[in-house]
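Comments concern the structure below.
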């Protein structure tokens, strides 16, 4: 959701709308190449569960770069999403079952990317607080961590 991070990967992207996806929860169960937990949405079937997010529009020619950044652990899924202003047919990257692990935790900087993205798009406060309460782990690669903290314009913990 954080525009500056997405913009690095897809320079043509621009924000269209905030959206809701009922019957899903957000977790960090996708095993990243760095061994940490990455975001995933999981279908629960419970309409009380809601994932909030955003829809961006981008040039189709830039999608292969985004696909490569998401890696082989995700599949694209077409979804119909209800937005603040309109209904959208969009895609989301959802973790492949063979890449899921409930024991994973995100790195601190990765969680901050998610939280700052949610705040920057003014997602519901209660939802942002839930995102901010996720248990994290330290990134053993300090150089990678510092790069992301600079993107976030925050100091490392």
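None of the figures in this text is laboratory data; all of them are computed from the coordinates on show. Every value quoted in this text rests on a predicted model; they were computed, and no experiment measured them. No Cβ is skipped: glycine too gets one built from the backbone with ideal geometry, and neighbour counts run over all protein chains shown.
Spin-label pair residue 48-residue 91: with each label point 7 Å from Cα along the Cα-Cβ axis, the two points sit 3.5 nm from one another.
Legend: ranking of residues 147, 61 from fewest to most surrounding C-beta atoms inside 10 Å; resulting order 61, 147. As a length-normalised measure over Cα pairs under 8 Å and 6 or more apart, the relative contact order of region 1-76 settles at 38 percent. Please find the FRET efficiency linking residue 57 to residue 127, where r is the Cβ-Cβ separation and R0 is fixed at 30 Å, and quote it to the nearest 0.05. Step by step, r from the Cβ atoms, then E = 0.85. Averaging the sequence gap over all C-alpha pairs within less than 8 Å and six or more residues apart, then dividing by the number of residues, gives the chain a relative contact order of 25 percent. Mean-square fluctuations from a GNM of the chain, with a 10 angstrom spring cutoff on Cα atoms, peak among 123, 66, 42 at 66.
Cβ-to-Cβ counts within 10 Å put 9, 121 in ascending order as 9, 121, the fewest first.
The radius of gyration of the Cα set in the chain, together with its Dmax, comes out at 15.1, 42 angstrom. Taking the number of Cβ atoms within 10 Å of each Cβ as an exposure proxy, the fewest-first ranking of 74, 14 is 14, 74.
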